[in-house]
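*Asks:* Dropping a structure here in structure tokens format, bear with me for questions.
The values are calculated or read from the model by the stated rules, or taken from the named source; none is laboratory data. Just so it is clear, the model here is predicted, and its values are computed rather than measured. Glycine gets a Cβ as well: all are built from the backbone with ideal geometry, and neighbour counts include every protein chain shown.
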Amino acid sequence: MCGIVGYVGHRDCADVLLDSLSKLEYRGYDSAGIAVFENDKIITEKTKGALKNLKDKLGDGHKPKGVCGIGHTRWATHGEPSDTNSHPHGSAKVSIVHNGIIENYIDIKNFLIDKGYEFASETDTETVAKLLDYYYDGNPVETIKRVLSEVKGAYGLGIIFADFKDTIYAVRKDSPLIVGVGKEENFIASDVPAIITYTRDYYLIESDEIVTLTKDNIEICDIHGKQLVKELQHADWDIEAAEKGGFEHFMLKEIHEQPTAFRTTIKPRIMDGMPFIEECGITREMLAGYHKIFIVACGTAMHAGLVGKYIIEKLARVEVTVDIASEFRYRNPVITKEDLVILISQSGETADTKAVLTMAKELGAATLSVVNVKGSSIARESDFVLYTHAGPEISVASTKAYMVQLSVMYLLAFELAYARGVISEDECRKYTSVLEEMPEKINEVLKLKDRCQFIASRLVNSQSLLYIGRGLDYALSMEGSLKLKEISYIHSEAYASGELKHGTISLVTEEMPVIAVATQSDLLEKTISNVKEVKARGGKVSMICSEKVDVDKEIANHLIKLPDVEDLFMPILAIVPLQFIAYYTSVLKGCDVDKPRNLAKSVTVE
């Protein structure tokens with residue numbers, strides 16, 4: 001959730017830390033802070049609120065001068081957002097920044113209070129800082145090892161000791177951490193965008209590996225002190241990919257990047273007109289042999305999985321269960337060695353999804369991950385991995401990551417259906433050919449943004465909203481509803497339109513806008529019937545449908561008509577206006593589109 005950075009080198013450390021934190025602010029923006037060695041002393045500056053608040057504070061002459069330090073941008077878990085609860089935390093001996101949750105912090109805190117320690121904050125992080133202080137014997141690595149033996153939970157830690165003014169220490173367990181490799185300078189960070197301005201080379205740090213970092217040297221050892229040799233990774237995307245590029249917000253930029261991201265994701269997986277996903281090690285014979293498929297994810301990724309369920313079951317005729325990772329992991333699911341568990345995660349670090357991966361492997365099921373971040377924990381620990389190629393997604397509200405997750409679901413469905421002999425080679429080629437045409441169709445839909453903006457202007461003063469649809473349209477409604485509520489703060493719910501009469505229609509009044517997604521021709525009459533029921537009760541309806549559908553103006557107040565494609569592929573197009581509607585509603589309300597309150601991009605804790 002939180003973002004941590006560290007720098008040691010020849011530049012102005014505070015400037016580097018602030019710049020790096022600005023690339024990680026999507027991970028949390030409740031508060032920010034830095035700790036820098038200045039004249040052999042650790043100087044800490046931190047403040048509540050967005051990173052801008054810290055920059056303003058440092059601009060008043062408080063910026064510490066030095067070449068070694070650590071920084072943090074916070075998504076609050078323990079303790080409300082405040083100056084005091086902001087990171088870094090520490091003592092005269094040590095200062096730390098932390099991403100994660102310490103589960104046994106109360107026990108540690110009580111132990112230290114008995115030893116005479118006092119605590120200024122409500123955070124779990126301060127207990128780790130004080131425990132490091134308590135055990136410190138002049139040997140940082142041995143002290144870190146001692147502390148880790150007593151700490152339970154998830155953490156990525158950046159640590160500086162007052163005795164070692166040119167050295168940063170770092171360690172992780174379950175929370176992401178990388179080490180950036182520069183020339184006469186080195187870095188730690190939660191994610192690659194933080195360092196891409198300075199270097200594209202980095203090491204991926206595994207759980208329980210301890211890093212010792214100076215400007216000229218990087219040492220990595222395991223918990224037993226054994227020195228490790230790591231494979232150097234290289235980021236193959238430009239810094240421009242993590243900048244707005246002239247767009248007002250990252251979200252708007254990322255919506256417009258969807259055609260390219262879609263094409264980049266599917267192109268390497270189509271060979272001679274047929275889907276080809278054996279790059280990940282999973283063959284057609286293996287696919288045909290799985291008894292049941294589970295798709296497990298969180299939030300937007302789970303909604304992509306729901307679309308995957310519909311198309312896999314329709315084409316391949318194999319049973320698919322889709323579940324929320326935070327529920328699935330605790331309900332003792334019936335998984336066997338004959339099953340395939342598909343895990344979808346943009347970051348590859350989602351805590352609940354990682355826990356499901358561990359459980360599935362323990363039960364002997366095959367695991368296939370669909371992730372965007374190369375070398376992420378879920379990718380490394382899965383039996384098979386299909387990387388999406390969305391590039392960095394900075395806005396907290398996911399758009400292009402969802403789109404490329406959809407593209408993989410389609411390829412997987414085609415491959416699975418062909419492998420099981422349910423569709424012929426000609427049919428598979430036809431489906432694959434249509435999929436290749438989708439980027440151009442998405443570009444056509446992007447031209448509808450003005451229409452979407454107009455509909456958003458009709459929603460901006462609403463207190464609540466309903467999204468309705470059937471089949472694939474219901475899955476889309478769930479994602480559309482999530483997008484709206486997370487960035488505009490308008491309460492919205494998605495319902496299968498056939499369920500309206502079973503209670504929900506009681507909410508419909510003239511003050512309750514309804515967005516109806518109606519792209520499935522075999523369900524169109526039934527959906528329109530439900531829309532008429534809404535209209536009869538005063539509801540104002542905006543409908544998204546195919547351009548071939550003739551909808552009476554008496555049925556819908558506002559229409560968005562999409563290019564005509566086969567029903568199966570409509571989710572790829574219909575999601576774009578739903579994204580636009582959420583975006584423009586948020587803009588018109590004056591909300592912080594890219595950084596919605598209380599949310600963070602990567603959920604690395606339960």
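*Asks:* Please find, among Ser347, Ser398, the residue that is assigned to a loop (DSSP other than H, G, I, E, B), polar (S, T, N, Q), within 25 Å of Ala235 (Cα to Cα) and in contact with a Gly (Cβ under 9 Å, 6 or more places away or on another chain). I'd like the intermediate steps shown before the answer.
*Replies:* Numbers: Ser347 fails: in contact with a Gly (Cβ under 9 Å, 6 or more places away or on another chain).
The unique qualifying residue is Ser398.
*Asks:* Also, quick follow-up: Restricting to segment 467-484, count the residues that are polar (S, T, N, Q) and in contact (Cβ under 8 Å) with a residue 24 or more places away in the chain.
*Replies:* Within segment 467-484, the subset polar (S, T, N, Q) is 477, 481.
Filter once more, keeping what is in contact (Cβ under 8 Å) with a residue 24 or more places away in the chain: 477.
The qualifying residues number 1.
*Asks:* Could you say which residue among Ile188, Ile195 is assigned by TED's automatic domain parsing to the domain that holds Ile70, buried (at least 24 other Cβ atoms within 10 Å of the Cβ), touching a Phe, Trp or Tyr at 6+ places or on another chain (Cβ under 7 Å) and not hydroxyl-bearing (Ser, Thr, Tyr)? Let's see the steps before the verdict.
*Replies:* On the way: Ile188 fails: touching a Phe, Trp or Tyr at 6+ places or on another chain (Cβ under 7 Å).
Just a single option satisfies the conditions, and that option is Ile195.
*Asks:* While we're looking at this one, here's another question. Among the residues of segment 355-378, how many are assigned to a helix (DSSP H, G or I) and either out of contact with any strand residue (DSSP E or B) (no Cβ under 7 Å at 6 or more places or on another chain) or modelled with pLDDT under 90 (or both)?
*Replies:* Here is the first cut: in segment 355-378, the ones assigned to a helix (DSSP H, G or I) are 355-362, 377-378.
In the following step, the residues that additionally are either out of contact with any strand residue (DSSP E or B) (no Cβ under 7 Å at 6 or more places or on another chain) or modelled with pLDDT under 90 (or both) were identified as 355, 358-359, 362, 377.
Going through segment 355-378 one residue at a time, the tally reaches 5.
*Asks:* Among the numbered criteria (1) closer than 30 Å to Lys595 by Cα; (2) touching a helix residue (DSSP H, G or I) at 6+ places or on another chain (Cβ under 6 Å), which single criterion is violated by Gln233?
*Replies:* Of (1) closer than 30 Å to Lys595 by Cα; (2) touching a helix residue (DSSP H, G or I) at 6+ places or on another chain (Cβ under 6 Å), only one is false for Gln233: (2).
*Asks:* Considering each of Ser175, Ser190 in turn, give the residue that is at pLDDT below 95, of a type in the set (Gly, Ala, Ser) and over 21 Å from Arg11 (Cα atoms). Working first, answer last.
*Replies:* Numbers: Ser190 fails: over 21 Å from Arg11 (Cα atoms).
So the residue among Ser175, Ser190 that is at pLDDT below 95, of a type in the set (Gly, Ala, Ser) and over 21 Å from Arg11 (Cα atoms) is Ser175.
*Asks:* What is the number of the single condition among (1) touching a strand residue (DSSP E or B) at 6+ places or on another chain (Cβ under 6 Å); (2) at pLDDT below 85; (3) closer than 21 Å to Leu573 by Cβ that Gly539 does not meet?
*Replies:* That leaves (3) as the condition not met.
*Asks:* Looking at Asp450, is it among the acidic types (Asp, Glu), at pLDDT below 95 and in a helix (DSSP H, G or I)? Even if it seems obvious, please write down each step before you answer.
*Replies:* Values: among the acidic types (Asp, Glu): yes; at pLDDT below 95: yes; in a helix (DSSP H, G or I): yes.
Criteria met by Asp450.
*Asks:* Report every pair of residues separated by at least 6 positions or lying on different chains whose Cβ atoms are under 8 Å apart, first residue within segment 570-581 and closer than 21 Å to Glu436 by Cα, second aromatic (Phe, Trp, Tyr).
*Replies:* Here the result reads Ile572/Phe262; Ile572/Tyr410; Ile575/Tyr402, each pair linking segment 570-581 to a residue that is aromatic (Phe, Trp, Tyr).
*Asks:* Just to be sure before I move on: is Phe119 in a loop (DSSP other than H, G, I, E, B), assigned by TED's automatic domain parsing to the domain that holds Asn217 and farther than 28 Å from Phe187 by Cβ in the structure I sent?
*Replies:* Details: in a loop (DSSP other than H, G, I, E, B): yes; assigned by TED's automatic domain parsing to the domain that holds Asn217: yes; farther than 28 Å from Phe187 by Cβ: yes.
Criteria met by Phe119.
*Asks:* While we're looking at this one, here's another question. Using beta carbons and a limit of 7 Å, which pairs, at least six apart or on different chains, have the first residue in segment 156-170 and of a type in the set (Lys, Arg) and the second one surrounded by fewer than 17 Cβ atoms within 10 Å (Cβ to Cβ)?
*Replies:* Lys165/Asp40
*Asks:* Sticking with this structure for a sec: How many residues does segment 359-413 hold that are more than 14 Å from the chain's Cα centre (by Cα) and of a type in the set (D, E, K, R)?
*Replies:* Matching residues across segment 359-413 total 5.
*Asks:* Oh, and also: Quick check on segment 222-233. Is at least one of its residues part of a strand (DSSP E or B) and surrounded by fewer than 15 Cβ atoms within 10 Å (Cβ to Cβ)?
*Replies:* Residues of segment 222-233 part of a strand (DSSP E or B): 227, 233.
Among the residues that remain, those that are also surrounded by fewer than 15 Cβ atoms within 10 Å (Cβ to Cβ) are: 227.
Yes; the residues of segment 222-233 include at least one that is part of a strand (DSSP E or B) and surrounded by fewer than 15 Cβ atoms within 10 Å (Cβ to Cβ).
*Asks:* If you scan segment 94-112, which residues turn out to be outside any helix (DSSP H, G or I) and surrounded by fewer than 17 Cβ atoms within 10 Å (Cβ to Cβ)?
*Replies:* As a first pass, look at segment 94-112 and keep what is outside any helix (DSSP H, G or I): 94-104.
Glu103, Asn104, listed by residue number.
*Asks:* Can you tell me which condition Lys173 does not meet? The list is (1) part of a strand (DSSP E or B); (2) among the basic types (Lys, Arg); (3) buried (at least 20 other Cβ atoms within 10 Å of the Cβ), and all the others hold.
*Replies:* Among (1) part of a strand (DSSP E or B); (2) among the basic types (Lys, Arg); (3) buried (at least 20 other Cβ atoms within 10 Å of the Cβ), Lys173 violates only (3).
Each row is one residue, and each column tells you yes or no for (1) part of a loop (DSSP other than H, G, I, E, B); (2) buried (at least 21 other Cβ atoms within 10 Å of the Cβ).
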site: Lys267; (1), (2): no, no
site: Ala288; (1), (2): no, no
site: Val296; (1), (2): no, yes
site: Ile311; (1), (2): no, yes
site: Asp323; (1), (2): no, no
site: Tyr330; (1), (2): yes, no
site: Pro333; (1), (2): yes, no
site: Thr336; (1), (2): yes, no
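*Asks:* Which ones in segment 455-508 are assigned to a loop (DSSP other than H, G, I, E, B) and within 25 Å of the chain's Cα centre (by Cα)? Step through it out loud before you land on a result.
*Replies:* Just the residues of segment 455-508 that are assigned to a loop (DSSP other than H, G, I, E, B), to begin with: 460-463, 470-471, 489-490, 503, 508.
Selection gives Tyr489, Ile490.
*Asks:* Could I ask something else about it? So which residues in segment 193-211 are in contact (Cβ under 8 Å) with a residue 60 or more places away in the chain, more than 22 Å from Leu18 (Cα to Cα) and more than 21 Å from the chain's Cα centre (by Cα), if there are any at all?
*Replies:* Asp208, Ile210 - these are the residues of segment 193-211 that are in contact (Cβ under 8 Å) with a residue 60 or more places away in the chain, more than 22 Å from Leu18 (Cα to Cα) and more than 21 Å from the chain's Cα centre (by Cα).
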